[in-house]
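Accompanying notes for the structure given below.
The values are calculated or read from the model by the stated rules, or taken from the named source; none is laboratory data. Source: prediction; values computed, not measured. Here the Cβ is made from the backbone with ideal geometry for all residues, glycine too, and neighbour counts use every protein chain on show. Heads up: the accessible areas ignore ligands, DNA and RNA and are worked out on the full protein's heavy atoms, side chains in. Shrake-Rupley method; radii C 1.70, N 1.55, O 1.52, S 1.80 Å.
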Amino acid sequence: MKKFVFILILIITCAGRMPAQVIIYTIDPSFNSELTLTRGGVSDIIHTSTNKYLVMGNYFQASPQAGVFFTESGQYIYNFLEISGYYVQEYRGRYLKFGNHLGITGEAMTPYSDFKFEFQKQLYSGPLANIALDVLILENDNILVAGRFFTDSTLMNTNIESQGLRQLCLIDSLGIPVPGFPMVHCTQPIDAAIHRIDSLSDGSYIISGQFTEVNGYMYNNIAKLNPDFSLDTTFYNILTPSSAVGIRLVDSQDRIWVGGGPNVALQSNPDEPIRYARLLSNGELDSSFSRPILQTLVGSNDDILAIRSPYVVVEDTDGTFIFGGNFVYVNGNYHKCLVKVQDDGTVVENAFSNLGADGASWPGYEPVSGAVAGTDIKKILKLPDGNLLIGGEFSSFGGEPYSCLVRLQPSGFVGVDEKEGRGKLKVYPNPAREFITIQLPDKNQRLTQVQLYDLNGRLVQEVNIVDASGKIDLINLPQGMYVVKAISEKQVFTGKVLVE
């Protein structure tokens, strides 16, 4: 710790023009999953309220869609196998599994008979008619369920049978539909489905998936619902209908990160696939973000470059974003399924010290798509202590035999030059003792929130209402270096301060 502080003090005293500071990571050797996941891939990870990791996926020596419990140090505890599903959330002391069928179970792998999703019935013979692809747990413990399911058996075998299908519903803790909920209905030339649902800070909701209409209005694969679940018809419809998209992240500024297949494109330029994008909360394309080009190798000899979208996007505490996926090149430079980018899309080349998923090849087995194209990172979990737990389909990470699961730890900061004209956040006095004053580069912008993080990425102080002076009390913070994250109405700026 003293070494890191010394390096950062040296940067402060010697640098003629102060660069922004970005957290960098290295492998945490104290976490060792003992190669319990002998091959396969991780689809989801949660950190439970009992300080365990529940890792979902499909592994050799375990049934399909299996879950495995690990201690915080990575030691195997036991399997979690009941109720088919790829994803999981902790819910009222139990575990809600989804991604296929919806169900609730406990750690002892016993399904709870008091929970039954009423709409999950094998009544409709069409595809995607009996699946729960995503859930969103509300404050009152009701559950929004997204996917595709049959809600009206009276329409079976009629010419309007498809009207009995719904893509979003609301249930209570027992799986019973909540009365009065206006179930969202999506349509598409084949069979529509909502793949992901998320919420914005104003109480509205974003849905994404495969559809061309929502409640009779044209929306291609992404739409916005008001807090009362009615359709927000002011939301822009900018994507073409040709490919499904999924929400990757709704960030701290309510910007919506979406990604999808090779046909994802803008209606303004339908012949140029974009694969992924960052949208503003009203659905407009965020023109301040320049998308890094993600590519992987495919073909019989791994000799074809194909453009990809990130599988997962995570907002880091330094104002940057971490991408995971199955790419091996970013803007033409070699990366291994993992990259960090600044808010404007500029790549931080050395954020992970060349670490990443090296390949997916185990004795006698490799993915159908090959050891290169089959390698991926599907889940990045930012932990309260600042570490990152990373899961995916890989047999080696950073040259070490980590199978499907690895943990990274912050190892300091790296300076990143700011863009010309972008301006620099002013934090003074620096060093400081009792208070600091924060000044945004653009004096016309209003400072709305300030967060302070320690070197491990832990949030140590947060001020949600900042007065016009920009003065922040340090509230007896221990001596050391802190990252200052200043949030305005339009941007996020980062700086640093040394507390004496």
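Ordering E272, E393, E139, E72 by accessible area with a probe of 1.4 Å, largest first, what comes out? If you can, show how the numbers build up before the last one.
On the way: E272 105, E393 30, E139 195, E72 80 Å².
If we order E272, E393, E139, E72 from most to least accessible, we get E139, E272, E72, E393.
Using each residue's phi in the stretch 178-188, evaluate 6.51 cos²θ - 1.76 cosθ + 1.60 at θ = phi - 60° and report the 3J(HN,Hα) Karplus result to the nearest Hz, with x for Gly and Pro.
7, x, x, 6, x, 4, 6, 10, 10, 10, 6
So how long is each side of the stretch 293-370 along the principal axes, counting just the alpha-carbon atoms, biggest first, in Å?
Largest to smallest, the principal-axis extents are 42, 24, 20 Å.
If every alpha-carbon in the stretch 23-413 counts as one equal scatterer, what log10 I(q)/I(0) does Debye give at q = 0.09 1/Å?
-0.53
So if I take the alpha carbon set of the stretch 193-305, get Rg, then get Rh from the Kirkwood formula, what is the Rg over Rh ratio? Numbers along the way, then the final one.
Details: Rg = 14.7 Å, Rh = 14.6 Å.
Expressed as Rg/Rh, it is 1.01.
With a 1.4 Å probe and all protein chains left in place, how much of the accessible area of the stretch 23-413 comes from carbon and sulfur atoms, in whole percent? Walk me through the intermediate numbers first.
Numbers: 7590 of 15400 Å².
After summing per-atom areas, the C and S share lands at 49 percent.
Just add up the charged neighbours of K382: K/R +1, D/E -1, any other residue whose Cβ is under 13 Å from the Cβ of K382.
Values: positive: K340, K379, R407, R458; negative: D251, E315, D316, D318, D385.
That sum, taken over residues with Cβ under 13 Å, equals -1.
Which one, F435, L447, I465, projects farthest toward the positive side of the charge dipole computed for the stretch 426-499 from Cβ point charges (K/R +1, D/E -1)?
L447
Rounded to the nearest 5, what % of DSSP beta bridges with both residues in the stretch 426-499 are antiparallel?
On the way: 24 of 25 bridges.
Once the DSSP bridges in the stretch 426-499 are tallied, antiparallel ones form about 95 percent.
Tell me the label-point distance for the pair E349, N79, using the 7 Å Cα-to-Cβ offset, in nm and rounded to one decimal.
Placing both labels 7 Å beyond Cα along the Cβ direction yields 4.6 nm.
Skip the ligands, DNA and RNA, and give the accessible area per residue of the stretch 314-432 with a 1.4 Å probe, whole Å². Numbers along the way, then the final one.
Working: 4200 Å² over 119 residues.
So the stretch 314-432 comes to 35 Å² accessible per residue, rounded to a whole number.
Determine ³J(HN,Hα), in whole Hz, for all residues of the stretch 48-53 in sequence, where each value follows from phi through the Karplus function 6.51 cos²θ - 1.76 cosθ + 1.60 and θ = phi - 60°; x replaces Gly and Pro.
7, 5, 9, 6, 10, 9
Under the Karplus relation 6.51 cos²θ - 1.76 cosθ + 1.60, θ = phi - 60°, what is the ordered set of whole-Hz ³J(HN,Hα) values for the stretch 429-440, x standing for Gly and Pro?
3J(HN,Hα) across the stretch 429-440, in whole Hz: x, 8, x, 10, 10, 9, 7, 9, 10, 10, 10, 6.
How many percent of the accessible area of the stretch 426-499 is carbon or sulfur, using a 1.4 Å probe?
On the way: 1750 of 3860 Å².
Within the stretch 426-499, the accessible surface is 45 percent carbon and sulfur.
So what does the Cα-only Debye profile of the stretch 426-499 read at q = 0.17 Å⁻¹, as log10 I(q)/I(0), no solvent term?
Once normalised to I(0) and log-transformed, intensities are -0.55.
What is the set of long-range amide H partners of Q461 at a cut-off below 5 Å, with H atoms built 1.01 Å from backbone N?
L452
Using a 7 Å offset from the Cα along the Cα-to-Cβ direction at both Y428 and N333, what is the distance between the two label points in nm, to one decimal?
Here the answer is 3.3 nm between the modelled labels.
When the Cα atoms of the stretch 236-374 are enclosed in a convex hull and the volume is divided per residue, what value in Å³ results? Write out the running numbers ahead of the final one.
Details: hull volume 16.7 nm³, N = 139.
Taking only Cα atoms, the stretch 236-374 has a hull volume of 120 Å³ per residue.
Each label point is 7 Å from the Cα along the Cα-to-Cβ direction; what then is the distance between the points at D254 and T448, in nm?
0.7
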